[in-house]
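A short write-up of the structure that comes next.
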Amino acid sequence: MSLNQLLPVAILLVLLQVVKKQSSLQIGSALLIGAVMSFSYMQSASWVSKWFEHQGLEYSQIGLCITIFIAVLAFALKQKLAAFYIAVISTVALYLSHYIIYLTSFWQNSDAGQSLFIGTLLGSGICLSFSVLLYFLMNAIKYRFGMYPLFTLLAFNSAAKLLVALDLASQIDLITNTSTVWDLRDLLSENSELGRVLRALVGYEATPDLMSVLIYSTSSVLFVLLCYVIPASITKERV
Amino acid sequence: MTKRLFNHCLCCLLFLSFNAASKEYLIILKDHLFYPSQIIIPANKKVKLLIENQDSTPEEFDSFDLNREKVLYPNRKSIIYIGPLSKGHYEFFGEFSPNTARGVVIVSDEGAQHANN
């Protein structure tokens, strides 16, 4: 549970840090505001869920996913601090809110606090180790090959948020699922460790439908193209 | 340009959406178990899952196979649309109680007969 919710936040934070390093204070404040937003979001969840014929939560989550994509794109292009804050806070609010529900319900109704604590600690440890490795790997790639491999990974990571929005939209019947393009469940299940990491890193889906593939590829290409077309961001950070 | 593209995408999404009547299936979550734990649905049809959480704690309906994730609040019904799906087994589980709350959606021709009846 903790791995699923913390890993996407950790990965995005690492990628943004490699694009442009922020101070510890800025990272800490973004995470803190995100945690507060996440808590407030969950406190109002039962109220929000009543909106739009009991589909308010899905609509709000779709909004957060689109916000993350736009904010990350803006950060990649202009490296503005505001874009960093919006991206991190939205991601924390989106992913950590589920974890807060889990923690509060488990804490109130179970005496297995020790196993919860150990599980959270292990999940956080794995996230931290993975994040440190990813940070040094991406930094090495940045210094060896420039910013474009980093932007490409960031594009895939951001496009994955649009896939989440698409799944939410079809979940509430806003759009209809199209035919499944491929089924890789026997080869690499999303439930496996590698599947979960790839899902958090680049939005891996074992059974994507046609619409998902189109949106994912189009938005990724658009993201990378914009990073090429708008040179200001590149010249500032060229190494 | 981004704004125009966003508008185009939104129009496409709205164009593709429709509210055709979908077959409804009730699933009850009680004592961290799904009842029924096995649902047979028709192939290539969109269906509506009505999930009632009768427990006093929240649960999260999760399925990697179906690409679905939704928090089920206590003593409340939640709706999830799935499909159209090709024949096969699609597992789902409660993320907060993954060892007990487990189920499977079976997509088959038999499901089509159930739906017709």
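Nothing in this text is a laboratory measurement; each read-out follows from the coordinates by a stated rule. These figures come from a predicted structure and were not determined experimentally. Heads up, the Cβs are rebuilt from the backbone with ideal geometry, glycines too, and the neighbour counts pull from every protein chain shown.
List of remarks:
- 39 Å tail of the calculated P(r), the protein assembly as shown, as % of Cα pairs: 14
- Hydrodynamic radius by Kirkwood, which averages 1/r over all alpha carbon pairs of segment A:139-191, in angstrom: 13.9
- Summing +1 for each Lys or Arg and -1 for each Asp or Glu among the other residues whose beta-carbon sits under 10 angstrom from that of residue B:97 gives -4.
- Distant-in-sequence amide contacts of residue A:175, defined by a placed amide H-H separation under 5 Å and a gap of 5 or more residues or a different chain, comprise A:170.
- Here segment A:66-149 is treated as a Stokes sphere of Kirkwood radius computed over C-alpha pairs; at 10 °C and 1.306 mPa s its diffusion coefficient rounds to 102 µm²/s.
- Label-to-label distance for residue A:148 and residue A:225 is 1.6 nm, based on points extended 7 Å past Cα in the beta-carbon direction.
- Residue-count net charge about residue B:49 - beta-carbon cut-off 9 Å; Lys, Arg +1, Asp, Glu -1: +1
- For residue A:190, the residues whose amide H sits under 5 Å from its own are A:206, ignoring neighbours fewer than 5 places away on the same chain, with H placed 1.01 Å from N.
- Signed unit charges on C-beta, dipole axis of segment A:2-237, positive-most listed residue A:105, A:74, A:36: A:74
- Mean Kyte hydropathy of -0.5 or more with a Cα span along the axis of at least 18 Å, helices from DSSP in chain A: A:2-19, A:24-43, A:56-78, A:81-109, A:113-145, A:148-171, A:210-229
- The residue among A:189, A:155, A:174 whose Cα reaches farthest toward the positive pole of the charge dipole of segment A:115-189, with charges on the beta-carbon of Lys, Arg, Asp and Glu, is A:155.
- Residue-by-residue Karplus 3J(HN,Hα) for segment B:26-31, coefficients 6.51, -1.76, 1.60, Hz, glycine and proline x: 9, 10, 10, 9, 9, 6
- Segment B:21-116 - convex hull of the alpha-carbon atoms, volume per residue in Å³: 79
- Extension gain, residue A:184 to residue A:52, is 44.0 nm, computed as 0.36 nm per intervening residue step minus the present C-alpha separation.
- Kirkwood Rh, Cα atoms: Rg over Rh of segment A:4-147: 1.02
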